[in-house]
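Taking it in order: structure first as structure tokens, then the write-up.
What follows draws every value from the coordinates through simple rules; no lab data is involved. All of these numbers come straight from a predicted model, not from anything done at the bench. Please note: Cβ atoms are built from the backbone with ideal geometry, for glycine as well, and neighbour counts cover all protein chains shown.
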Amino acid sequence: MTLKLSDSDRLLAGFNPDYVHRGHRYVRDRRVLETATEERDSSLVVTGRVRGSGQHLYSVHVHIDEGFVNGTCTCPVAWNCKHVVAVLIAAARQETTLNPPARADRYALPDADEEESYPPEIDNRLLYLLQLGSATNTLIMRPFRSRLTRSGAYGTLSPFRPSRVWEPFPPRYLLKSDIAILRNLIPAHNVSEFPEGVPIPPDAVPLVERMIASGRCHWAHVANPALRPGNQCRAEASWELMPDGRQRLILSAGDTPLVAPALNPPRYIDTVDHVSGPLTSDLPELLLAELVKRPFITANEVDDVLDDWERRFADIAFARPRRLSVHRLPPTQPTPVLHLYNAEVTDYQGTHRLPAARLSFDYDGHLLSWPGEDIEQVVSGEKIVRLDRDQEFEEDAALRLRDRGLHPLFAFEGLSAAPDDSSAWVPSNSAGELESWLALQTDLPTLQAEGWRISIGDDFNYRAVTPDAWYGDIEADSGRQWFDLELGIEIEGERISLLPMLLEWIEQIPAGALSGLLEEFPDDEGLPIRLDNRRIAYLPIARLKGILTILVELFDPEVRLKDGRLSLPALRAGELPLLERNDWNWSGGDELRRLGERLHAFSGITEVPPPTSFKAALRQYQQTGLDWLQFLREFGLGGILADDMGLGKTVQTLAHLMVEKESGRLDRPALVVAPTSLMFNWRAEAARFAPSLKVLTLHGPDRADRFRHITDADLVLTTYPLVGRDIDTLGEHQFHLLILDEAQAIKNPRAKVSHHVRELSARHRLCLTGTPMENHLGELWSVFDFLLPGLLGNERQFRRLFRNAIERQGDDSRRAALERRIRPFFLRRTKAEVAPELPPKSEILRSVALEGAQRDLYETVRLAMHGKVRAALSEQGLDRSRIVVLDALLKLRQVCCDPRLLKGTKRTGRTGSAKLRMLMELLPEMLEEGRRVLLFSQFTSMLALIEEELNKRRIPYVKLTGKTRDRETPVERFQSGEIPLFLISLKAGGTGLNLTAADTVIHYDPWWNPAVEDQATDRAHRIGQQNKVFVYRLITEGSVEEKIVRMQEEKRGLVESLFSATGPKAIDAGDLEALFEPLG
């Protein structure tokens, strides 16, 4: 069996292009001494011997099975080397035969008339990219996948994996014709053997025609228009003499050059007009078919070829190659020649210009590109000069480029270049491009001293320079709110701002990797920074480590610079001291830098004497909080007091206000914006701890009547819902201090309430919240954007610099950077930190006002039941009216808990629950803090309503009621830490349980007998409890619940008499009247 030339072309398509090129030269130079081909079953075995460099003889053994080539050799490379290539080519040339014309039935394809279309939901497309093999004239097809955009253009290309066409269910974007084309070209057993593309057999013309007919076939890259079917073209033939003595066939139609790949019958590809069709020429038809497979003739072959053509085509006139004489040059040592320039490189996306180095060697005036064969042939006039190359010398020179991070262009898969650029060297990766070119230029004087000839093209824009001086300049605005920062170097008397270049360098570093990268850099190394199109500055790492670490925190890489300067809020001055440690020559901004020093060292806050008229002794951590609040006031800053719930944020804030009042600085009112449920708490605690403050509450339908008293008040209270309604009035006032309690209410920066509070004017701003963020860091940004606009940048900058890096990538360095930035303006203490300052059990009363329909319903029930109770007392007396009284009070309590508990009331379906809303504000915050909560209610039906809300929010819980048969399981799940929330009915779980895993107890509704509540609380507050316990009692303001709590303290006998037949009877109508009083 004889191996055909067409077979070798296809088999060599997957080889290293350099090996293919050298293999052809070995055949041309007659270094293949012998070959033999043997057929074994369905495979082929080719053997041979090749004379290599230094007259070494190498034995080659090649096994070909179903298109897969496994060639071994006794040379150092050992596998599929240039000697294997040479043996395959020589074996194929032993008998050159012309393939017969393609048979129509050779390739199975769908009917060309069958209409194919894509389903409307499919926007992916298969694209065919055609090109010539790197060392042969074989047509190569590279399949890609791309998404069709709305404009009709293709998006980013992704290589199509050949194996997908043989899957049981190929991708839906493959049409029947696509599947047929790919399966004809890609064997099922060999789907991964085409790293350079799929070679197209010479007889596969029907497949090429169908690819072109698809409208998705492009020449070289997708930027070119799709190829279109063209008419038959008659081409003129000519021969081009190449520098190495080969003569290449050139086919053209007029002035348009044509590509003629190895196809039979021949076809042309017009890469100018992007058409393809049948090809004829002035060459004999038989000869044209041969030459498109072998597009060049070597100098050694030209005489034999011309003699053969004289015999075969003596009577036909056509262009023939020239006869040249051959001369041999004596051995000589070459001169390395290095040229730095921009090379033209093509990939499947298009053509680009890349900085490159061309390495060549001058042999007595003959310039040879690297790499080359041991014996080279070059054209000199009408003769060919043969010379011996010094391969060892050339490899040593090439190693100098490799040591500087450069590699030959042909080593990169998917890249191709013009012949003049085929020997170009480029950096191994674009990220290290600057470093590679700078390292190479650093070596240029040494190379020139060693005899290298160096040249740099006008289009090569990398020149190394060294700074003469370093400077930093600060310019503050008149209001001290912002300052401009410039950092730069001086070169030859020119001041150059470094910020744009450092910003560009920072952008190249993956998020979170900068700190680690800087730590790994030795101090004696330099950082290359591109200054402009022609210069690179080599800056010492020791000088830049500090500045780069700070800069990545000081500004967002996407920020716009103005004249090389960066505008920053004055709040960021706290980080300037870290910059000054880098021995820069600073000018300007003296006052700002002093502020920065004080901010940076803010941990040394001076203790402030507590206000003399404050009616409470501050605990140590509360005194620290007061000192911190005064520190913020002194510097005109805002902050977040984020202590855990129950640690007295309100008390610390009231103490702060009293200091301001006693010092005379409270010449304007302070405004508190809080949830409606906290209005009562603020009034109560102000009255208790700071009675000298004049408090004005702007709440209720008649609040407009009190607007005129705003300027007379020390403290104005309003709610988040009312800020928007009253923004015109509140916006007219200048407040001394604007306080947002439960400041997570503005966690959404686009919410109306967030916009409204930003419109209010105050000297200082303060946020109180135990949960400065509930879901993500964006909520923290929203709060700080209210407090200190610009501190964390805009929302997009914050997301890029901090949120994505911390939340998605777990970047500890970014988390530390954020902590450093907000540290002076953020104070948070947990219960664990201040536990020694807390009593064993803290009792906290939280109240909420009834509003709207719930308030109306309460009044309706109160009036109805009050009349019913009066009638019962009048007719039956107190003892016999107990059931009526309890039923009346039960209904009022149910309305307070949730109107849905009240049976038979038509209006309950449209009525919400203020207390349930308050609970749903408290619970997530507590659980976020890691609290473990027991939630008690007398009403199991109320627990069911709470369950509905928890399920909506996906908050896990366990429950225990009188219907619970297995009490151990929920207790175990809670005690083990699996579940953080335990819903318990007061009657079922008030006694007999040990729940020391809990640190928080919530009594949703007050029970008449405080002892019962105490027993329930003691489920957690008992021997074995390791944590402080916080007990919350939730009541509705001014309702029967508030009166029950007061009676628990003032008339315990009354409560006991209602529930104990043996209890005291000393209760009168006045006591009952108090329970049925209208809402306050």
Sorted from fewest to most neighbouring beta carbons within 10 Å, what does the list Trp586, Trp437 look like?
Trp586, Trp437
Classified through the alpha carbon gyration tensor (a ≥ b ≥ c as square roots of its eigenvalues; rounded if a/c is under 1.5, else prolate when a/b is larger than b/c, else oblate), the stretch 603-836 comes out oblate
Would you mind ranking Phe15, Phe160, Phe460 by Cβ crowding within 10 Å, fewest neighbours first?
Phe460, Phe160, Phe15
What list do you get for Lys82, Lys176 if you sort them by fewest beta carbons within 10 Å?
Lys176, Lys82
Relative contact order, percent, of the stretch 753-812 when contacts are C-alpha pairs under 8 Å separated by at least 6 residues?
25
Loop-only check: which chymotrypsin sites (Phe, Trp or Tyr not before Pro) in the stretch 247-348 are DSSP coil with at most 13 other Cβ within 10 angstrom?
none
Normalising by the residue count of the stretch 230-323, find the relative contact order in percent from Cα pairs under 8 Å and 6+ residues apart.
30
Beyond a 32 Å Cα-Cα separation, which of these cross-linked pairs lie in this structure: Lys903/Lys952; Lys615/Lys952; Lys752/Lys841; Lys752/Lys1028; Lys694/Lys915?
Lys615/Lys952; Lys752/Lys841; Lys752/Lys1028
Nothing charged except the Cβ atoms of Lys and Arg (+1) and of Asp and Glu (-1): what's the magnitude of the dipole of the stretch 230-323 about its Cα centre? Round to the nearest 20 debye.
140
Name the residues whose placed amide hydrogens come within less than 5 Å of the amide hydrogen of His407, ignoring near sequence neighbours (fewer than 5 apart) on the same chain.
Val426, Ser428
Do any trypsin sites (Lys or Arg not before Pro) in the stretch 263-322 lie in a loop, going by DSSP, with at most 12 other beta-carbon atoms within 10 Å of their beta carbon, and if so which?
Arg322
Please list 3J(HN,Hα) in residue order for the stretch 172-178, calculated via the Karplus relation 6.51 cos²θ - 1.76 cosθ + 1.60 where θ = phi - 60°; whole Hz, with x for glycine and proline.
5, 7, 8, 6, 4, 5, 4
Classify the stretch 119-228 as rounded, prolate or oblate from the Cα gyration tensor: take a ≥ b ≥ c as the square roots of its eigenvalues, call it rounded if a/c is under 1.5, otherwise prolate when a/b beats b/c and oblate if not.
oblate
Long-range amide H partners of Val275 with built H, under 5 Å
Arg228, Asp270
Search the structure for amide H atoms under 5 Å from the amide H of Leu129, placed 1.01 Å from N in the peptide plane, and list their residues when 5 or more places away or on another chain.
Arg142, Phe144, His218
When the charge dipole of the stretch 119-228 is computed with +1 on Lys and Arg Cβ and -1 on Asp and Glu Cβ about the Cα centre, the Cα farthest towards its positive end, among Asn224, Ser163, Pro206, belongs to Asn224
Along the stretch 443-450, what does the Karplus equation 6.51 cos²θ - 1.76 cosθ + 1.60 (θ = phi - 60°) give for ³J(HN,Hα), rounded to whole Hz, x for Gly and Pro?
8, 4, x, 5, 5, 5, 5, 7
